[in-house]
Amino acid sequence: MKAESGTTEELSTKDKRHTIHPWADLATASTKGDHVIKRGEGYHVYDSDGKRYLDGIAGMWCVNIGYGNQEMAEAISKQVKELVYYTPFGAMTNNLSAELGEVLAGLAPGDLNHVHFTTSGSCAVDSAIRFVHFYFSALGRPEKKHIISRTESYHGSSYLTASLSGKAVDRTYFHYISDIVHHVSGPNPYRRDEGQSLREYCDQLVDEFEKKILEIGPDKVACFIAEPIMGSGGVLIPPPGYHKAMKKVCEKYEILYILDEVVTGFGRLGQFFSAEPEWGIVPDIITTAKGLTSGYQPMGAVIISDRLYDRISGSNAPKTACFTNGYTFSGHPVSCAAALKNIEIMRRDKICEHVQDVGPYFIKQLKRLERYEIVGETRGNHLMACVECNISGNKAAAEEKDITAAQTVDQFCDQQGLIVRPYEALLILSPPLIIDKAGIDEMVAILDSSIEKATSALRSKGLIQ
């Protein structure tokens, strides 16, 4: 019998027949069952069968103010009725784009006062690199174009940003830019050498970075790009002093520092931007997206310092000064309305202060899970965390049995109504920022139960002795 239109079976069939998902496993995409998420409220979502899930990943690091916010819906609706779109190219703008640019400049640290709007985090990072290339070429130094990124980083899925990203598992059958993109080791204190202190580990990473610059040639390296905390790579938190030390090396060789705050910006670490309050630096450029609109509309932005912009604008502009980069939907008025309302809600409801309150509680509660033999480490900062599974005993690299452990935990979490993000041997967590201590307790309780069940299942299969 044909499934009724709109049922889970019907929707899943349509989806598998026609839609290619990001990061889809093409070997199983046409047969594997789908989660059809239909509704959201607060920090929970509901599938097409009505089952409720605690959303432990905020959609994709982004639904910061939670689902179903009526103020946001009304702001978007109002703007659609007033002005749905107008071109942002050249000297054209719209009133909300102008207003949002000023607001973001006010939130950004130091002299980062110039905003270039994009449509996503990938586009923001891509545009930041294009600005850097434009900048040095405008100064008569076109050879200064090489980019240094890090292993286990993620910066997007455009041709350029996928090349910058350093997660080996993501590099499949695509082509990647290799002539001007270089990688150094990303910070992963869990996998540092036995007996090595965090200070020694930090010095090792900084030394490797400086050697890479000298290998390429300081006159050729344009910029270094880094996530404050490496998100989808496993919530990898750098050792103390890392960002300050890396920026000092950049300043020594006139290399621009791009801080990719696409994930960490807009409250995830308890600040609108974490650069200065959390890491003690003012980068040359910040990229942002995701939490900028809390996922209610697609949007990203590049925020650039006065000291860069002033050197290539006005009387300092090169003969042909047209910055030929941007998108049809840059500064889209509906997205701007969503971003402005999002910032208004976050400020009024003291969302960052709330994260500062519940974040340490979240990390403390997760630590309880380390009593299980399949858990190697729990780590995190405020509402950005990870549970790393390790049953192999190998801290140098995850083995297949470690990955199986994480996948097994994920399956039990799903059964019990918790969405986590499994990646290799990792279970990544980033709930909506409005989550309260009761929600955190629910999350940790489901994780606890799921890890216990997974431990028994893995032991029965002989993967744990």
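Mind checking which residues of the stretch 102-118 are more than 17 Å from Ala275 (Cα to Cα) and of a type in the set (D, E, K, R)?
Correct list: Glu102 only.
Suppose we filter the stretch 292-318 for residues that are out of contact with any strand residue (DSSP E or B) (no Cβ under 6 Å at 6 or more places or on another chain), more than 24 Å from Leu340 (Cα to Cα) and in a helix (DSSP H, G or I); how many remain?
Total satisfying the criteria: 8.
Does the stretch 135-180 hold any residues that are in contact with a helix residue (DSSP H, G or I) (Cβ under 7 Å, 6 or more places away or on another chain), in contact (Cβ under 8 Å) with a residue 24 or more places away in the chain and either among the β-branched types (Val, Ile, Thr) or in the same structural domain as Asn394 (by TED's automatic domain parsing) (or both), and which are they?
Ile147, Ile148, Thr161
Would you call Ala105 in a loop (DSSP other than H, G, I, E, B), surrounded by 12 or more Cβ atoms within 10 Å (Cβ to Cβ) and not hydroxyl-bearing (Ser, Thr, Tyr)?
Spelling it out, it is not the case that Ala105 is in a loop (DSSP other than H, G, I, E, B), surrounded by 12 or more Cβ atoms within 10 Å (Cβ to Cβ) and not hydroxyl-bearing (Ser, Thr, Tyr).
Quick one: would you say Ser165 is buried (at least 22 other Cβ atoms within 10 Å of the Cβ) and within 19 Å of the chain's Cα centre (by Cα)?
Details: buried (at least 22 other Cβ atoms within 10 Å of the Cβ): yes; within 19 Å of the chain's Cα centre (by Cα): yes.
Judged against the criteria, Ser165 is a match.
How many residues, within the stretch 428-465, are crowded, with 19+ Cβ neighbours inside 10 Å, closer than 21 Å to Asp357 by Cα and small (Gly, Ala, Ser)?
Adding up the residues that qualify gives 2.
Taking into account only those residues within the stretch 44-72 that are hydrophobic (A, V, I, L, M, F, W, C) and not in a strand (DSSP E or B), which is surrounded by the fewest Cβ atoms within 10 Å (Cβ to Cβ)?
Of everything passing the filter in the stretch 44-72, Met60 is surrounded by the fewest Cβ atoms within 10 Å (Cβ to Cβ).
Please note which helices (runs of 4 or more DSSP H) are completely contained in the stretch 181-291 and include at least 2 residues that are modelled with pLDDT of 95 or more, in contact with a Leu (Cβ under 8 Å, 6 or more places away or on another chain) and in the same structural domain as Pro109 (by TED's automatic domain parsing).
It comes to 242-252, 275-279.
Could you list, in sequence order, all residues of the stretch 161-180 that are among the aliphatic types (A, V, I, L, M) and either part of a loop (DSSP other than H, G, I, E, B) or within 18 Å of Ile213 (Cβ to Cβ) (or both)?
Matches in the stretch 161-180: Leu164, Ile177, Ile180.
It is to be established whether one or more residues within the stretch 78-91 are assigned to a loop (DSSP other than H, G, I, E, B) and in contact with an Asp or Glu (Cβ under 6 Å, 6 or more places away or on another chain). Spell out how you get there, then give the answer.
Here is the first cut: in the stretch 78-91, the ones assigned to a loop (DSSP other than H, G, I, E, B) are 83-91.
Imposing the further condition that a residue be in contact with an Asp or Glu (Cβ under 6 Å, 6 or more places away or on another chain) reduces the set to none.
Looking for residues that are assigned to a loop (DSSP other than H, G, I, E, B) and in contact with an Asp or Glu (Cβ under 6 Å, 6 or more places away or on another chain), one finds none in the stretch 78-91, hence no.
Please give the number of the condition Ile403 fails out of (1) outside any loop (DSSP other than H, G, I, E, B); (2) over 27 Å from Phe273 (Cα atoms); (3) in contact with a helix residue (DSSP H, G or I) (Cβ under 9 Å, 6 or more places away or on another chain).
Single failed check for Ile403: (3).
One line per residue, one yes/no per condition, for (1) crowded, with 18+ Cβ neighbours inside 10 Å; (2) within 28 Å of Gln271 (Cβ to Cβ); (3) assigned by TED's automatic domain parsing to the domain that holds Thr118; (4) not β-branched (Val, Ile, Thr):
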position	(1), (2), (3), (4)
Pro298	yes, yes, yes, yes
Arg307	no, yes, yes, yes
Thr320	no, no, yes, no
Asn342	yes, yes, yes, yes
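What about Asn381, is it among the polar types (S, T, N, Q), surrounded by 18 or more Cβ atoms within 10 Å (Cβ to Cβ) and under 21 Å from Ile57 (Cα atoms)?
Judged against the criteria, Asn381 is a match.
Counting only residues that are in a helix (DSSP H, G or I) and either within 30 Å of His116 (Cβ to Cβ) or basic (Lys, Arg) (or both), how many does the stretch 327-355 have?
Here the count works out to 20.
Only one of His21, His35 is in a loop (DSSP other than H, G, I, E, B) and touching a strand residue (DSSP E or B) at 6+ places or on another chain (Cβ under 7 Å). Can you tell me which? Show your work before the answer.
Numbers: His21 fails: touching a strand residue (DSSP E or B) at 6+ places or on another chain (Cβ under 7 Å).
When all the criteria are applied, what remains is His35.
The values are calculated or read from the model by the stated rules, or taken from the named source; none is laboratory data. What you see is a predicted model; the values in this text were computed from it and never measured. Methodologically, a virtual Cβ is constructed for each residue, glycine included, from the backbone with ideal geometry; neighbour enumeration extends over all protein chains shown.
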